[in-house]
Each structure stands twice: as C-alpha cells, then as structure tokens.
Amino acid sequence: MVATTKVRRFSGGVYDLRLHVAWCPKYRRPVLSGRVATRLDELIRQKADERGWEIAALEVMPDHVHLFVKHDPKSSASYVANQFKGFTSRVLRDEFPHLKSQLPTLWSSSYFAASVGDVSADTIRRYIDTQWERPWRERKEDGP
C-alpha cells in the first residue's frame with residue numbers, strides 16, 4: 001500500500017486520522033447565516049489550531065455544519081465533535097444573544113462522524129487477506 005497523504009509522527013508511531021463530522025442546531029433551525037456563520041467558521045478554525053488539528057474542508061450551512069478534519073490519535077470521534085460543539089456554542093451564545101432566546105441550546109445533542117481514508121474498506125480487506133501470498137512470506141500450515 002502506498003500512502004498518498006502526509007502522515008504525522010509521534011513517539012509511538014505514525015498516523016493519518018481524518019474525520020467527516022456534521023452537526024445541526026437544535027430543531028435544525030436555520031440560524032447559521034450572516035455574521036453568525038462567519039464567526040462560527042472563525043471559531044471552528046481557532047479550536048482546530050488550538051488542538052493541533054488540520055481542517056481539510058469546512059462548510060457552514062444555515063441549518064448544519066460539515067467539517068473534514070485531521071486529528072491526533074488520542075482524540076476519539078466523540079471528543080473531536082464535542083470540542084467543536086461545546087466551544088462554539090458557548091462563544092456564539094455569548095456573542096449573539098438572540099441565539100439564547102431562540103433555542104434552549106445551540107446544538108442538537110447528536111452528530112454524525114465517519115472516518116475517512118485514501119483507500120476503501122475493500123482494498124484494506126484484500127491487503128490483509130492476501131498477506132500470506134506475499135513472496136517473502138512462508139505460510140505456516142500448523143497454526144500460529
């Protein structure tokens with residue numbers, strides 16, 4: 001397998017972890033427009049910089065957010081999503097009081113998160129399934 005993206009290194013190994021994360025305002029209300037949308041974009045980028053995460057793509061729609069982010073191996077998908085949601089909710093509700101009066105909380109409690117890679121699941125499965133077919137491997141006939 002040939003890596004086509006830049007991997008990051010740390011003392012325990014190398015990694016290339018990327019997530020597609022999406023979340024919505026409570027009741028899917030279209031409150032993410034104008035200055036709110038601009039500020040939300042800034043806040044998401046600020047949080048990513050603070051955590052050392054890299055934003056590959058970001059779209060703020062009136063009623064939801066899509067984020068494609070590279071993160072570190074110690075951060076779970078739920079941690080990544082909740083870092084963005086918690087931070088942005090607190091700051092936006094402080095800076096835009098109308099959000100407090102329109103919604104009991106800014107974000108819905110749910111989110112979507114999917115890991116993303118350069119190779120498909122089928123490619124990885126084939127790679128693993130054919131390990132013993134490599135010319136430098138000797139298949140053991142009697143168990144492990």
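Read the figures in this text as sums done on the coordinates, not as results from a lab. This one's a predicted model, so the numbers in the text were calculated from it and none came from an experiment. Cβ placement follows ideal geometry from the backbone for every residue including glycine, while neighbour counts extend to all protein chains displayed.
Going highest first, how would you order 82-94, 45-57 by mean Cβ packing within 10 Å? Present the calculation step by step, with values, prior to reporting the outcome.
Numbers: 82-94: 17.0, 45-57: 14.5.
Sorting 82-94, 45-57 by mean packing, highest first, produces 82-94, 45-57.
Taking a straight line from the alpha carbon of Lys26, these aspartates and glutamates sit under 16 Å away, with near neighbours fewer than eight places off in the same chain left out: Asp63.
With 10 angstrom as the radius, rank Leu19, Leu58 by how many other C-beta atoms surround their C-beta, starting from the fewest.
On the way: Leu19 21, Leu58 15.
Going from least to most buried by this count: Leu58, Leu19.
Scanning residues 5 or more positions from His64 or on other chains, none has an amide H under 5 Å from its amide H, with H placed 1.01 Å from N in the peptide plane.
Given a Förster distance of 41 Å, report the FRET efficiency between Phe87 and Gln131 from their Cβ-Cβ distance, rounded to the nearest 0.05.
Working: r = 43 Å, r/R0 = 1.04.
According to the calculation, E is roughly 0.45.
Normalising the average separation of contacting C-alpha pairs (under 8 angstrom, six or more residues apart) by the number of residues puts the relative contact order of region 14-117 at 44 percent.
Values of log10 I(q)/I(0) for region 28-124 across q = 0.11, 0.13, 0.24 Å⁻¹ run -0.35, -0.48, -1.41, by the Debye formula with one identical scatterer at each alpha carbon and no solvent.
If R0 equals 30 Å, the separation of the Cβ atoms of His20 and Glu95 corresponds to a calculated FRET efficiency of about 0.65. Each label point was placed 7 Å from the Cα along the Cα-to-Cβ direction; for Ala37 and Ser115 their separation is 3.3 nm.
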